[in-house]
């Protein structure tokens, strides 16, 4: 059995914990924060396109703090499915240290955005860091309920931060393969019984996949948040031409300068602009977080690609101002929390 | 007695109507829209720093539509104190026509923004157009109640749209002088009894005064609206340096290119940045309109100076994006109204 610690049991994390245990290859210790007591006593209720209706499900172990994670047995994987906010990452790293056994443990980051791996790879240079990108329509509807409507499509790839000593590429790739196989075992019923299209893929180049996802997140997600409008409202407004399209092309230009021109093509831009109907009521994650008074994943979604833009000399006049505005929004959200 | 028709009895217009009648030189016909019935039956209640407490006050005549304005006697002044929105101006002009007697009537526009006079001067080239800029802290608190807390400081000047035939400068200046004298007569008690600092000034160059006011309105007013934050919140946020200051300097650069460099100086910019405490809860007009679901005065406050910027080749990277964002907000507000 693989020993797994999973941090952040929201919409993505709870389904991941469920899948890993369903594989019968993993035992999951889930770190819950606000919902620890209610989940310990009653478990999760899950309504899932992949797994059907599940009532009162609990992972192998639930704990209230990362610092209370048992270390009786070393962990094979520490899976992080929290939001990616710089302050949160900085606070997490010291508590991860006692749970890491070099030669045994790998980190698995299943998070949005760009350059999320760097802080972890710097803090723990001696272990594999696996980088995961989840496309899943899944959200919490109460502290112990998850509604999962679009199939779980997960890409996992190694973030090669050493190419030789002390961590050979083969070790990093092997860790990714082990995780992907376990996850896929947990999706077996979803594929054969629910036929939902769920799958976990070993990604050759996860950074390319991140750039592709950024085309959407850097434009739709940020602009819907600044305007406080749904995707459909922005698409049917004059902002489609004046803001959304230029913003998406700015991301494409930065991605191209970063070496991912074959991924962030004009065809993909056109597809992303035409894929969504302009009646869509969808409110992207930043807008949802803003409306709940929670911090935005601003640095990994917009700050990181704009730092690449500056380094490569790419101009991003629309995104520059969207970023400055959202930094003020973020400041306001953090001030209200404290 | 001067025969005056006043359109738009909100915070500014109601006080103007009161002042003009108090002068005992004017008889005011006020065009009320939504509040016609309640004001006809009960009059206005005014709490004023300039005029004290007034209960149940009515202008000489109130009417529900501009098209119902009596034309038994020609009008000396038609005073427009509505919001300045292009669609509203376009709708107003045909109804003004029957009320205008060339050689007798002048238009008086008491409105925010830049280039508000052009549409009226084009439609009525044969009459004086007086351009007025009001600095008054006055707002409606119910359909028939006005709360007026900062003294009435009004600048009026001719908008010289002919320099000779058929409308000599002297005629235009004379019309302005007549209006200013009547208005000041109505402020006499405010100055001698309340000692409030109220005054109406004949402005030599009203366009310069508009540029100075735009330094504030083009920056604070627009940025507070996009961010949905008070003046104090923006001032204490990182947006003070990244958005507010650059935006104000962009307006100053455009104003300078337009020939008003002696008005929009760095000293004035510094004064406007330091004049307001960063605890101020003040919500500028665009934010108030946005929160009420009403259209914004976007074109006269931001569209007009940015058209000057384009004509003069001045770069305005911050304001360009603020403008595009607010155009989408305006589109959304208008769509919700219809």
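Only the coordinates and a few stated rules stand behind these numbers; no lab work does. This one's a predicted model, so the numbers in the text were calculated from it and none came from an experiment. A quick note on method: Cβ atoms are made from the backbone with ideal geometry, for glycine too, and the neighbour counts reach across all protein chains shown.
What does DSSP give for chain A in terms of the percent of beta bridges that are antiparallel, rounded to the nearest 5? Please report the intermediate quantities before stating the final value.
Working: 15 of 44 bridges.
Bridges in chain A are about 35 percent antiparallel.
How far is residue B:270 from the same spot in each other copy, in nm, shortest first, if each label point sits 7 Å from Cα toward Cβ?
5.5
Sorted by packing (mean other beta-carbon atoms within 10 Å per residue), highest first, where do B:134-143, A:91-100 land?
Working: B:134-143: 16.0, A:91-100: 14.4.
For the peptides B:134-143, A:91-100, the packing ranking is B:134-143, A:91-100.
Once the label point is set 7 Å along the Cα-to-beta-carbon vector, what list of distances in nm do you get between residue A:95 and its counterparts in the other copies?
Label-point distances to the other copies, shortest first: 6.3 nm.
Give me the angle, in degrees from 0 to 90, between the Cα long axis of helix B:86-96 and the longest principal axis of the Cα atoms of chain B, rounded to the nearest 10.
In chain B, helix B:86-96 runs at an angle near 10 degrees to the longest axis.
P(r) for the stretch B:207-337: what percent of alpha-carbon pairs falls in each 10 Å bin, starting at zero?
So the P(r) values, bin by bin, are 13, 46, 34, 7, 0.
Averaged across B:328-335, how many Cβ atoms of other chains sit within 10 Å of each residue's Cβ atom?
On the way: counts 13, 6, 2, 6, 8, 0, 0, 3.
The mean count of partner-chain Cβ atoms within 10 Å per residue comes to 5.
Evaluate E = 1/(1 + (r/R0)^6) for residue A:40 and residue B:266, where r is the Cβ-Cβ distance and R0 equals 51 Å; express this FRET efficiency to the nearest 0.05. Kindly include the intermediate steps, with their values, before the conclusion.
Details: r = 62 Å, r/R0 = 1.22.
After rounding to 0.05, the efficiency reads 0.25.
Based solely on its DSSP helices, what 222 nm [θ] is calculated for the protein assembly as shown when runs of n ≥ 4 H residues each add -39,500 (n - 2.57) and the sum is averaged over all residues, nearest 500 deg cm²/dmol?
On the way: 26 runs with 271 residues, N = 676.
Helix-only estimate at 222 nm: -12000 deg cm²/dmol.
Measure nothing fancy, just the Cα-based angle from helix A:317-337's long axis to the longest principal axis of chain A, in degrees from 0 to 90, nearest 10.
Result, in degrees: 50.
Kirkwood hydrodynamic radius, chain B, all distinct C-alpha pairs: what's the number in Å?
In chain B this quantity evaluates to 20.6 Å.
If you take every DSSP beta bridge fully contained in the stretch A:26-125, what fraction is antiparallel? Give it as a percent rounded to 5. Walk me through the numbers before you get to the answer.
Details: 4 of 11 bridges.
Taking every DSSP beta bridge with both residues in the stretch A:26-125, the antiparallel ones total about 35 percent.
Spin-label point model (7 Å from Cα, Cβ direction): what's the residue A:126 to residue B:145 distance in nm?
About 7.2 nm, to one decimal.
Name the nearest-to-axis residue of chain B, judged by Cβ distance to the rotation axis taking chain B onto chain A, and quote that distance in whole Å.
For chain B, the closest residue to the axis carrying it onto A is B:321, 2.
Apply 1/(1 + (r/R0)^6) to the Cβ-Cβ distance of residue A:95 and residue B:282, taking R0 = 45 Å, and write down the FRET efficiency to the nearest 0.05. Mind dumping the intermediate values first?
Values: r = 44 Å, r/R0 = 0.97.
E between residue A:95 and residue B:282, to the nearest 0.05, is 0.55.
Round to the nearest 10 and give me the degree value, 0 to 90, for the angle of helix B:245-255's Cα axis relative to the longest principal axis of chain B.
Once rounded, one gets 60 degrees.
Picking from B:310, B:27, B:155, which is most flexible by a Gaussian network model of chain B using Cα springs under 10 Å?
B:310
Using 1/(1 + (r/R0)^6) with R0 = 41 angstrom and r between the beta carbons of residue A:188 and residue A:338, what's the FRET efficiency to the nearest 0.05? Walk me through the numbers on the way to the answer.
Values: r = 46 Å, r/R0 = 1.11.
Taking R0 as 41 Å, the efficiency between residue A:188 and residue A:338 is 0.35.
Please compute the modelled spin-label separation between residue A:181 and residue A:307, points set 7 Å along Cα→Cβ, answer in nm with one decimal.
Result: 3.6 nm between the two label points.
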